[in-house]
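Visitor: Quick one: structure below, then a few questions.
The values are calculated or read from the model by the stated rules, or taken from the named source; none is laboratory data. Small disclaimer: the values here were computed from a predicted structure and weren't measured. Cβ coordinates were reconstructed from backbone atoms using ideal geometry, including for glycine residues, and neighbour counts include every protein chain displayed. SASA here: full protein model, heavy atoms, side chains in, ligands and nucleic acids out. Shrake-Rupley method; radii C 1.70, N 1.55, O 1.52, S 1.80 Å.
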Amino acid sequence: MANRTVKDAHSIHGTNPQYLIEKIIRTRIYESKYWKEECFGLTAELVVDKAMELKYIGGVYGGNIKPSPFLCLTLKMLQIQPEKDIIVEFIKNEDFKYVRLLGALYMRLTGSAIDCYKYLEPLYNDYRKVKRQKRDGEFELIHVDEFMDELLHEERVCDIILPRLQKRYVLEEAEMLDTRVSALEEDMDDVDTSDDEDDDDKGDRVPSPEPPRRGYRDLDRPRRSPSPRYRRSRSKTPRRRSRSPKRRSPSPRRERHRSKSPRRHRSRSRDRRHRSRSKSPGHHRSHRHRSHSKSPERSKKSHKKSRRGNE
């Protein structure tokens with residue numbers, strides 16, 4: 001039968017390797033189109049080619065509980081049970097990230113606690129993005145190190161219940177594992193050493209005098225434009241100063257102006273006198289001419305009146 005486990009396969013955790021996946025999900029995988037068309041007759045060598053074609057990871061999705069290709073290939077690997085060296089090569093592959101994730105999931109399902117910590121913890125340094133399909137069929141982006149953390153700490157990944165994993169500190173106390181050294185700790189040590197060197201250099205230098213500090217108000221509040229009241233007070237200040245009894249000494253320009261003013265006044269008065277003198281004889285002549293012109297008329301009228309009186 002196409003769905004049976006290989007005869008030479010060893011039992012894992014005391015059961016058939018395919019039984020690590022729940023029966024309902026397993027039957028859905030057997031009925032899926034991908035399983036019937038792509039996973040039929042696969043061997044350990046051909047599984048690599050199918051794993052390189054993966055575009056995302058995930059478990060089941062949709063209302064009909066359809067399995068993803070990633071989950072189908074996981075069941076196929078549990079069925080044919082490849083050798084441990086092939087799985088290690090899957091995990092060490094840096095070119096195809098989905099091949100690495102497939103090997104990591106298989107190692108977590110079938111490997112011992114020591115092998116899981118030994119081969120999966122180095123993948124914490126892989127920060128590449130991968131695409132995962134959720135239960136509703138939508139996709140999300142995660143990182144490889146996040147997936148490794150879920151494999152080592154979560155109970156269910158990709159709708160598969162993971163076997164119990166022994167705690168790391170228990171294996172460290174039993175001296176079966178060395179203490180884990182994170183890459184971030186090494187970077188922090190480098191930063192601390194560089195900070196210590198900078199502090200030593202600063203201690204050797206002569207401290208420079210501190211610049212004068214600004215007031216509390218200057219630092220916290222920005223400088224604002226003066227208010228209208230403040231402007232009015234500024235505009236009034238010069239007037240108040242001018243009203244004060246103290247008088248400033250006149251400027252040289254003002255002295256010059258004062259010195260020139262009487263000369264101009266004298267010259268103007270002279271011009272007016274000259275014009276009045278030049279106009280005065282003409283004015284008298286016109287007046288006399290007018291008096292002479294009017295006298296004969298008056299004499300004629302008086303002569304006529306005298307005649308009428310005599311008549």
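Visitor: The stretch 77-178: which trypsin sites (Lys or Arg not before Pro) are DSSP loop and have at most 15 other beta-carbon atoms within 10 angstrom?
Guide: Working: sites: Lys84, Lys92, Lys97, Arg100, Arg108, Lys118, Arg128, Lys129, Lys131, Arg132, Lys134, Arg135, Arg156, Arg164, Lys167, Arg168; in loops: Arg128, Lys134, Arg135, Arg164, Lys167.
Taking the stretch 77-178 and a limit of 15 other Cβ atoms within 10 Å, the loop trypsin sites (Lys or Arg not before Pro) found are Arg128, Lys134, Arg135, Arg164, Lys167.
Visitor: Another question, then. Taking θ as phi - 60°, what are the ³J(HN,Hα) couplings along the stretch 84-95 by the Karplus curve (6.51, -1.76, 1.60), each to the nearest whole Hz, with x for Gly and Pro?
Guide: Ordered by residue, 3J(HN,Hα) equals 5, 5, 5, 5, 5, 5, 4, 5, 7, 6, 9, 7 Hz.
Visitor: What is the magnitude of the charge dipole of the stretch 23-183 about its Cα centre, with +1 placed on the Cβ of each Lys and Arg, -1 on the Cβ of each Asp and Glu, and no other charges, expressed in debye to the nearest 20?
Guide: 680
Visitor: Give me the one-decimal nm value for the distance between modelled label points at Lys131 and Asp115, 7 Å along each residue's Cα-to-Cβ direction.
Guide: 3.2
Visitor: What percentage of the solvent-accessible surface of the stretch 23-183, computed with a 1.4 Å probe over protein heavy atoms, is contributed by carbon and sulfur atoms? Don't skip to the end; give the middle numbers.
Guide: Values: 4170 of 8650 Å².
Summing carbon and sulfur atoms, their accessible area is 48 percent of the total for the stretch 23-183.
Visitor: Once fully extended, how much extra length lies between Arg4 and Tyr19, figured as 0.36 nm per residue of separation less the alpha-carbon to alpha-carbon distance? Walk me through the intermediate numbers first.
Guide: Details: separation 15, 0.36 × 15 = 5.40 nm, distance 1.11 nm.
Stretched out fully, the Arg4 to Tyr19 stretch lengthens by 4.3 nm.
Visitor: How about the stretch 1-67: which trypsin sites (Lys or Arg not before Pro) there lie in a loop by DSSP and see at most 16 other Cβ atoms within 10 Å?
Guide: On the way: sites: Arg4, Lys7, Lys23, Arg26, Arg28, Lys33, Lys36, Lys50, Lys55; in loops: Arg4, Lys7, Lys55.
Within the stretch 1-67, the qualifying trypsin sites (Lys or Arg not before Pro) (loop, at most 16 other Cβ atoms within 10 Å) are Arg4, Lys7, Lys55.
Visitor: For the stretch 23-183, with every protein chain kept in place, what is the accessible area per residue (1.4 Å probe, Å²)? Could the numbers behind the result be given before it?
Guide: On the way: 8650 Å² over 161 residues.
The answer is 54 Å² per residue.
Visitor: Quick one: net charge of Asn64's neighbours, Cβ under 13 Å, K/R +1, D/E -1? Working shown, then result.
Guide: Numbers: positive: Arg28, Lys33, Lys66, Arg135; negative: Glu31, Asp136.
Residues close to Asn64 contribute a combined charge of +2.
Visitor: Taking the Cα centre of the stretch 23-183 as the origin and placing charges on Cβ (Lys, Arg +1; Asp, Glu -1), which of Leu46, Asn125, Ile24 is farthest toward the positive end of the dipole?
Guide: Result: Ile24, furthest along the dipole toward the positive end.
Visitor: Computed over the Cα atoms of the stretch 23-183, what is the ratio Rg over Rh, Rh following Kirkwood? Don't skip to the answer; put the middle values down first.
Guide: Working: Rg = 15.8 Å, Rh = 16.4 Å.
With Rh from the inverse mean 1/r over Cα pairs, Rg/Rh is 0.96.
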